[in-house]
Amino acid sequence: MARQVGGRPTSLPAGKTSMGRQDAPSDVAEPYPLSTLRHSVAHLMASAVEKLHPGVQFGFGPPIEHGFYYDFQLPEPLDAKELKRIEKEMRKIAKKAGGFERKVRSREEAKKVLAERGQSFKVEAVDLIPEEEEITFYSHGDWEDLCEGPHIDRLDRPFHFKLLSVAGAYWRGDEKNPMLQRIYGTAFWTKEALDEHLAWLEKVKEQDHRRLGAELDLFSLHAEAGAGLVFWHPRLGAVRREMETFWWEEHEKRGYEAVYTPHVVREDLFRVSGHLENYAEMMYAPMDIEGIPYRVKPMNCPGHILIFDDRGHSYRELPVRMAELGGCYRYERSGQVHGMMRVRGFTLDDAHIFCRPDQLAEEIAGVIELIRHMVTTFGFEFTAYLATRPEEKSIGADEVWENALAALRDGAKRAGIELELDEGGGAFYGPKIDFKLKDALGREWQTSTIQCDFNLPERFDLTFVDSDGEKKRPIMVHRAVYGSLERFVGVLIEHYGARFPFWLSPTQVAVIPIREEHEDYARKLEERLRSERLRVDLLDAHSHMNKRIRQAKKEKVPFLLVVGDREAEEGTVTVSERGKEEQVSVPFDAFVERVLALRASRGLDLEA
RNA sequence: GCUGCUGUAGCUCAGUGGUAGAGCACUUCCUUGGUAAGGAAGAGGUCAUGGGUUCAAGUCCCAUCAGCAGCUCCA
């Protein structure tokens, strides 16, 4: 039952991975692709579920990137304990099930057989299979399923699996449809591979920004403040300040100018911009100020437009590049908010470029260069996606959309990057290039974006005076590097596992005097480091030295300076560097010089 | 929003309708220690919130809020 008709796309469609069905060599470690194994294990799981829960109705059960799932409709909820029972039953069935058998049925017969078994979702699934394709069934033991295949030959081969979680999922991914129970699991040919995957899952859990955020005093969320609203603590405030400084430096170098705009403005502004028409369900409700409705901004663009439109512009002054770290609020449904990654109040690292049509591709190339420079500084690889016009809710003529797409393609070409296609993924006002960053654990995050907009200039009737004295329409580019500071810092926490590069570290240097009598010397070091605007923490001698070292290491401080008699006398420090076993004694001045160079380089490693 | 689950000390978590617990963290004292857990004592709780059942509720029921795994949607 791998056919993904109408379901969510999966990275490994089972039908595309066919190897010989009957003649696989039995003496190799991986006789079939993982997706084929996982799909077969999904069948095995479904048969076990039916054994334990007669009357269950089946949905889809495909292999996915890291495993497989199968959807079930059952009167009773499944829980973790039940997963154990199902696993046990699966092992039992696998032992005696023997091989998979393939059977072709006519469309009518298939529906009849499935209807007799009460499998109404499967009957619907038959109708989703294209006319010209064969309707096939696969069985193992006495259990049969509508399925495109392929499968491994026998279930008594050695392989290793684990059921991981259970969650709700709409039939065919549509929230208007009934919700089924989905069991996720994974399978590998070897125990080592399974263990490695489970270790990866464990690491993902350990590096979860919500866990690290609480553990390391980085940020908090509060029920009494409301869902999706983030409180940045001082230690993460330091990281944010560095991110902002870096951001402004790189923007000012490229001709961006800072602007500041209000958080709450008259609703009419969003009527003109089209937000009320196209974006209202994402906006906070209006508030009444002396009889006039006001709205909290979900985006900064209308404000920047007011600044641009406050006076006339000559073609000579374009492009105008306006930048703002603007606080925005968007209504997210309660089930969507997630730590710092998905919030209701956030800071867009926003900028709008107003330019002439002949400047567009060059501007886009410039933004791509900026994004590439910044995200690689953080150590990310990225993929760029070209997102085209959405099917519902969009504004503007087709031709305008085509022009914008062409400019985005041209800009990418000039900047020398490849574009993947994201059909229908554009904003309501124009097409865009979205960047997905790949983190240290191999996961992708959507952050940076470049959006072409021919529509807002139209709506606000923006103009500039061209060289021929005629009024012309400028083009607007919306763009963000971080996307939102909240999401980006969340990604950074997970990417680094909170072992931030030196320039970003909440605490950069911990000074640890061995005994009380060394505190004077330690304090001198602290003052000097602080005068260089380094973030330093003096852990005084009221508690045991080992305890203080343990604390500093737990906080993942890049450099610990341990100082005692010897150091105070010689003017040195004994440096314990994050990730290294051995300690080295160096003159304090040399240490300061080293870390200042390291900070200035914004290097990823502690070596400058 | 939907399905399921969860909410007990700062953190991780025990707790069977009948007197609220442990480890770590914290405070004080002892220990003066050269690179990841020295010792002792102490303090810390509206058991998320509001209703209900009961002689009696952390425990059972309902609602609300928040969180978790997903689905759907997104920066």
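The values are calculated or read from the model by the stated rules, or taken from the named source; none is laboratory data. Because the structure is a prediction, the values reported are computed rather than measured. Note: ideal-geometry Cβ built from the backbone for every residue, glycine included; neighbour counts use all protein chains shown. Surface areas here come from the heavy atoms of the whole protein model, side chains and all, with no ligands, DNA or RNA. Shrake-Rupley method; radii C 1.70, N 1.55, O 1.52, S 1.80 Å.
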Exercise. Where only protein heavy atoms count, and the probe is 1.4 Å, what is the accessible area per residue for the stretch A:263-418 in Å²?
Worked result: 46 Å²
Problem set entry | Nearest-10 value in Å² for the accessible area of residue A:84, using the 1.4 Å probe | 110 Å²
Problem set entry | Contour excess over end-to-end distance, with Cα ends at residue A:190 and residue A:287 and 0.36 nm allotted per residue | 28.9 nm
For this session: Along Cα→Cβ, 7 Å out, is where each label goes; now give me the distance between the ones at residue A:241 and residue A:223 in nm to one decimal.
Result: 3.4 nm
For this session: Would you please give the FRET efficiency between residue A:156 and residue A:540, computed as 1/(1 + (r/R0)^6) with r the Cβ-Cβ distance and R0 = 45 Å, to the nearest 0.05?
Result: 0.10
For this session: Would you rank A:537, A:520, A:439 by solvent-accessible area, highest first, keeping every protein chain in place and using a 1.4 Å probe?
Result: A:520, A:537, A:439
For this session: Quickly work out the residue A:607-to-residue A:203 label distance, labels modelled 7 Å from Cα along the C-beta direction, and quote it in nm with one decimal.
Result: 2.1 nm
Exercise. When ligands, DNA and RNA are left out and all protein chains stay put, how many square angstrom of accessible area per residue does the stretch A:75-209 have with a 1.4 Å probe?
Worked result: 54 Å²
For this session: Apply 1/(1 + (r/R0)^6) to the Cβ-Cβ distance of residue A:313 and residue A:257, taking R0 = 22 Å, and write down the FRET efficiency to the nearest 0.05.
Result: 0.95
For this session: Assuming R0 = 51 Å, can you tell me the calculated FRET efficiency for the pair residue A:127 and residue A:381, based on Cβ-Cβ distance, to the nearest 0.05?
Result: 0.75
Problem set entry | Portion, in percent, of the accessible area of the stretch A:213-496 that falls on carbon or sulfur, probe 1.4 Å | 48 percent
Exercise. Tell me, Kirkwood radius of the stretch A:213-496 from alpha-carbon pair distances, in Å?
Worked result: 19.7 Å
Exercise. Hey, can you list the DSSP H helices of chain A whose Cα span along the axis is 24 Å or longer and whose average Kyte-Doolittle score is at least 0.0?
Worked result: A:34-52, A:360-377
Exercise. Carbon and sulfur: what percent of the stretch A:14-190's accessible surface (1.4 Å probe)?
Worked result: 50 percent
For this session: Multiply the residue gap between residue A:103 and residue A:517 by 0.36 nm, knock off their C-alpha separation, and tell me the result in nm, one decimal place.
Result: 140.6 nm
Problem set entry | Expected-Rg normalisation [2.2 N^0.38 Å, Cα atoms] applied to the stretch A:502-601 | 0.97
For this session: Measure off 7 Å from each Cα along the Cα-to-Cβ vector at residue A:577 and residue A:74, then give the distance between these two points in nanometres to one decimal.
Result: 5.4 nm
